[in-house]
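Remarks on the structure that follows.
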Amino acid sequence: MQTKPLYLDNSYQKTCSAKILDVQSDGKNKVIILDQTIFYPEGGGQPSDQGVIKNSSGTLKVEQVLLKDQNIVHIGKLEGKLEPDQEVKCEIDWDRRYKNMQVHSAGHVIHEAVKYLLPDSFPVEAKHGKNAYLKYQGQIEKTLEHRILEKANAIIHAKLPIFTEFVSLEELKKRSPWVPPHLPTNKPLRIMWIANFPPIPDGGTQLKNTEEIPGISEVNISHEAEDTLVNYKINSSTNKEKPVFSYSIQTKFDHTVLQNLKNEALAMIMGASDAGELERLRIQYLGKSGQLAEVAKQLKNLDPAQKAEIGVLFNDVKTAITDALGPSLKIKNLTAGRHDLTPKILKPDPTLPGIPRPLGHLHPVTQAITEISDIFAKIGFTRVRYPEVEWDWYAFGALNFPEGHPARDDWETFFVDAPADPKLGKMLLTPHTSSGQIREMETTRTPPIRMVNIAKCYRRQSDVSHTVMFHQFEGLVIDKGINITNLRGTIEYFVKSFFGPDRTSRLRPYHFQFTEPSFEVDISCGICNGRGCKLCKEGWLELGGSGLVHPAVLTAGGIDPAVYSGFAFGWGVERCYMMKSGTKIDDMRLLYDNDIRFLNQF
Ligand code: PHE
């Protein structure tokens, strides 16, 4: 080509001087060829520039510029005379050019939005004039219109820089995962790219930043035979003052790369409309061969001082992107067996189900507590709650433990470092829910009492079947004529409701200070159904204590043991839950490790 295309290096150059190489006539019009020009010739979908070419002897009003026989020809009406070898001044109609640039760069933004949603889309044609469109091979669903619009505007709002450069075809292939076919191999290619999107060959004029595009107002999808037309319109800008940008054409690595990457990533994350997209962004930016990993590679080549400075920025950018993405949802597992989220074909199916949002659920212990309360509510037990920080009197004294009785040690109690109450004794953390018995008697005063007190208990023990904090549920029934058969029936009712109709229970004589007689309750093993196995040895699993309320306890609670009698039982919630068929929890501590992988299973 004889004419040097200055517009490829600087799309913002409004004037230049040049030497006339040739002047021809084309009917009414003159055709002028220059040694260099800022006039953009029609092509690549972008309309040509207009303006004037003049010197003291003549003026060509340029109406059309074309690429003809390897030359850029300026066509228009000539006033006066212009001759070869003369020096001339060129001036383009800047408003027209700038508008064309906006539409053209907007086309690239649209393309990135399309590529983003449909990574395998294949562009075949583009026009960036009045009726601007991009043509893709294959069918793109019309339902994607608003997604493309949204994504394109997100790119614009992210104020992403647009770069241009001349490179060899090999270089382009290295830098871009997709290169259009039939590119010339014998000369440098002009490429353009937006921020960290891959570069594509482009011979048009480009803005320096997407923020110069006043916004996309419309995206329209229509179909033409096998292809899809993506038409777009940009907002009409009222801003006459064109923004001035200080970006230089960027080929080397510095902090702006990171800054731009961050802007882009955050904008994309904000624009993402579902979890699948977020996960794709996570891979794109934070993945093993993601964009940050690419940047990290380049960090190695910097000199130490620069490395230190950019390293800090790198970490900030990484944190910002990680924070914006939020915790990983392990989408991979969630969607396994559903559908692939990456739109591999040009035609996504909008009827596919969305990605299920991970639904939380209550902690298994909370679930068990609710179930237990419900079971007892059905037979008239009221759920009650009493203090977790208690007095010795309620936990031991009133429960018939004599002063200094060694039985207090059985409960391995945590005492609170607080002054003792002269009447109620030391302050402690409830070692069992039996403290609620006396509290309930004091509150209700006259029986009948039918309570279930479910509360946190604390003891100094931690192993596979104990946690320092655990829950008990305490049943207490006081009325006239209550006896062991009532206890027996209640236990059997609970065991069948909670563990299942195949399970049964038995009472084993035992000793507690606050019940007389006292029993340990066993339930038949869920594994061997009472026949005996590795887990239970003799066919029974120990559930917890029970008995008839000791007359001394009734008296301490202000109830006359000559008139009333009662029964009580107190069992561990966690222990019961673990004994439920199918839970298969072999270590109680797992319940409180807060490991979401464990908790998710219940
Ligand atoms: N409080 C006893 C314990 O923690 C259980 C129990 C409750 C025993 C009620 C009898 C009556 O082991």
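Here are the criteria: (1) more than 14 Å from the ligand (Cβ to nearest atom); (2) aliphatic (A, V, I, L, M); (3) free of Cβ contacts under 8 Å to residues at least 60 places away in the same chain; (4) buried (at least 18 other Cβ atoms within 10 Å of the Cβ). Tell me which single one I527 does not satisfy.
It is condition (4) that I527 fails.
Go through K99, K142 for me and flag whichever is within 15 Å of N231 (Cβ to Cβ) and out of contact with any helix residue (DSSP H, G or I) (no Cβ under 9 Å at 6 or more places or on another chain).
Exactly one of K99, K142 is within 15 Å of N231 (Cβ to Cβ) and out of contact with any helix residue (DSSP H, G or I) (no Cβ under 9 Å at 6 or more places or on another chain), namely K142.
Considering only the stretch 12-29, I want to know if a residue exists there that is assigned to a loop (DSSP other than H, G, I, E, B) and within 19 Å of L78 (Cα to Cα).
yes
Any residue at all in the stretch 475-497 that's farther than 30 Å from D560 by Cα and more than 46 Å from the chain's Cα centre (by Cα)?
Taking every residue of the stretch 475-497 in turn, none turns out to be farther than 30 Å from D560 by Cα and more than 46 Å from the chain's Cα centre (by Cα).
What tally of residues in the stretch 562-578 results from selecting those that are open to solvent by less than 30 Å² (accessible area, probe 1.4 Å) and away from the ligand (no atom under 16 Å from the Cβ)?
1
For the stretch 541-556, which residues satisfy the criterion of being more than 18 Å from F401 (Cβ to Cβ) and more than 11 Å from the ligand (Cβ to nearest atom)?
The answer is L541, and nothing else.
Does P448 satisfy the condition of being without any contact (Cβ under 8 Å) to a residue 24 or more places away in the chain and either at negative phi or touching a helix residue (DSSP H, G or I) at 6+ places or on another chain (Cβ under 7 Å) (or both)?
Values: without any contact (Cβ under 8 Å) to a residue 24 or more places away in the chain: no; either at negative phi or touching a helix residue (DSSP H, G or I) at 6+ places or on another chain (Cβ under 7 Å) (or both): yes.
Here the answer is no, as P448 does not meet what is asked.
Quick test of your reading of the structure: L541 fulfils all but one of (1) open to solvent by less than 40 Å² (accessible area, probe 1.4 Å); (2) over 18 Å from Q437 (Cα atoms); (3) part of a strand (DSSP E or B); (4) modelled with pLDDT of 95 or more. Name the failing condition by number.
(4)
Condition check: in a loop (DSSP other than H, G, I, E, B) and either within 14 Å of the ligand (Cβ to nearest atom) or open to solvent by less than 30 Å² (accessible area, probe 1.4 Å) (or both). Does I559 satisfy that?
Values: in a loop (DSSP other than H, G, I, E, B): yes; either within 14 Å of the ligand (Cβ to nearest atom) or open to solvent by less than 30 Å² (accessible area, probe 1.4 Å) (or both): yes.
For I559, the condition - in a loop (DSSP other than H, G, I, E, B) and either within 14 Å of the ligand (Cβ to nearest atom) or open to solvent by less than 30 Å² (accessible area, probe 1.4 Å) (or both) - is met.
Based on this model, can you work out whether R459 counts as within 16 Å of the ligand (Cβ to nearest atom), within 26 Å of W540 (Cα to Cα) and touching a Pro at 6+ places or on another chain (Cβ under 6 Å)? Outline the logic, then answer.
Working: within 16 Å of the ligand (Cβ to nearest atom): yes; within 26 Å of W540 (Cα to Cα): yes; touching a Pro at 6+ places or on another chain (Cβ under 6 Å): yes.
For R459, the condition - within 16 Å of the ligand (Cβ to nearest atom), within 26 Å of W540 (Cα to Cα) and touching a Pro at 6+ places or on another chain (Cβ under 6 Å) - is met.
Among the residues of the stretch 203-229, which ones are open to solvent by less than 20 Å² (accessible area, probe 1.4 Å) and under 19 Å from I156 (Cβ atoms)? Spell out the reasoning first.
Pass one, the stretch 203-229, residues open to solvent by less than 20 Å² (accessible area, probe 1.4 Å): 204-207, 209-210, 212-213, 215-216, 219, 221, 228.
G204, T205, Q206, L207, N209, T210, E212, I213, G215, I216, V219 - these are the residues of the stretch 203-229 that are open to solvent by less than 20 Å² (accessible area, probe 1.4 Å) and under 19 Å from I156 (Cβ atoms).
Considering only residues that are within 14 Å of the ligand (Cβ to nearest atom), of a type in the set (A, V, I, L, M, F, W, C), under 51 Å from the mean Cα position of the chain (by Cα) and closer than 30 Å to K480 by Cα, which ones fall in the stretch 389-448?
A395, I438
Would you check which residues across the stretch 61-75 are open to solvent by less than 100 Å² (accessible area, probe 1.4 Å) and closer than 20 Å to Q2 by Cα and list them? Please lay out each step first, then the result.
Of all residues in the stretch 61-75, those open to solvent by less than 100 Å² (accessible area, probe 1.4 Å) come to 62-66, 71-75.
Correct list: V62, Q64, V65, L66, N71, I72, V73, H74, I75.
Mind telling me which of the residues F494, F514, F499 ends up being within 12 Å of the ligand (Cβ to nearest atom), open to solvent by less than 30 Å² (accessible area, probe 1.4 Å) and touching a helix residue (DSSP H, G or I) at 6+ places or on another chain (Cβ under 8 Å)?
F514
Which of the residues belonging to the stretch 104-147 are open to solvent by less than 50 Å² (accessible area, probe 1.4 Å) and of a type in the set (S, T, N, Q)?
Listed by number, the residues that qualify are S105, S121.
For the stretch 223-253, what are the residues that are out of contact with any Lys or Arg (no Cβ under 8 Å at 6 or more places or on another chain) and at pLDDT 65 or above?
H223, A225, E226, N231, Y232, K233, I234, N235, S236
Wholly within the stretch 35-90, which strands (runs of 3 or more DSSP E) include no fewer than the required count, namely at least 3 residues that are touching a Gly at 6+ places or on another chain (Cβ under 8 Å)? I'd like the intermediate steps shown before the answer.
Working: elements: 51-54, 58-68, 71-80.
Passing ranges, in order: 58-68, 71-80.
The values are calculated or read from the model by the stated rules, or taken from the named source; none is laboratory data. The structure displayed is predicted, hence computed values, not measured ones. Cβ atoms come from the backbone with ideal geometry, glycine included; neighbour counts cover every protein chain shown. Surface accessibility is based on the protein's heavy atoms, side chains included, excluding ligands, DNA and RNA. Shrake-Rupley method; radii C 1.70, N 1.55, O 1.52, S 1.80 Å.
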